[in-house]
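Reading through the structure tokens given below for one structure.
Laboratory data are not the source of any read-out in this text; all were calculated from the coordinates shown. As the structure is a computational prediction, the values presented were derived from the model and not from experiment. Every residue, glycine as well, gets a Cβ built from its backbone with ideal geometry; the counts of neighbours run over all protein chains shown.
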């Protein structure tokens, strides 16, 4: 007797749920492995997992904050005391400087900011590849750094990170590149971050109209250069 097409299809559909001995053994092994993993995790987290570490601030430290009259100063003293107490507990009383850095560690991380490459900068605490690249890029635009505070002008470098890396930084101002205002081209002057486009154009236009500058103070004769801009710029320019 021949089966109709629908009966043939129904028969093949049932065959999909018929497993061979090898397939049955495979399912059994997988089931045992899953059960073993679940039971093992339950036992580990209930009996063997380490308990969370809870840090409690000593009561005498809290008294400093509770009795404070000047929140800024007392918070600073609290932070310094916590840092010194933590340092003494780990390394001994006389092996850590007041800011919390081991002198040997500090000497091994000292960096001259005007000559360092990105790899040297990445060795500093709290400085990753992004900030290292930004520090170098901004240094190239400036011509070099004259002070630590200029690093706050670097994109995404916060005051907290500057305080962290400040003990490791050396600044050699002799490496700073100066711009000769009597020969610099407008395209090069436009790249300096301390000058706006209008100020750069104004300086070049003033030089072309009145002749070369004889001294640095002559830059202020350009009406677009105010006192603040001049003070920021004077360390990066010269008159030859």
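Pull out a ≥ b ≥ c, the square roots of the eigenvalues of the alpha-carbon gyration tensor of the range 179-238, then state rounded if a/c is under 1.5, prolate if not and a/b is larger than b/c, and oblate in the remaining case. Rounded, because the longest to shortest axis ratio a/c is under 1.5. Inter-label distance, residue 228 to residue 43: 7.0 nm, where each label sits 7 Å from its Cα along the C-beta direction.
For the range 162-179 and the range 119-139, what is the separation of their Cα centres, given in Å? Comparing the Cα centres of the range 162-179 and the range 119-139, I get a distance of 13 Å. Contact order, relative form, for the range 179-238: 41 percent (alpha carbon pairs under 8 Å, 6 or more residues apart, mean separation divided by residue count). If the segment from residue 166 to residue 217 were pulled out straight at 0.36 nm per residue, it would be longer than the present Cα-Cα gap by 15.1 nm.
Let a ≥ b ≥ c be the square roots of the eigenvalues of the Cα gyration tensor of the range 109-175; is it rounded (a/c under 1.5), or, if not, prolate (a/b larger than b/c) or oblate? Show your work: numbers first, answer last.
Numbers: a/c = 1.25, a/b = 1.19, b/c = 1.06.
Cα axes put the range 109-175 in the rounded bin.
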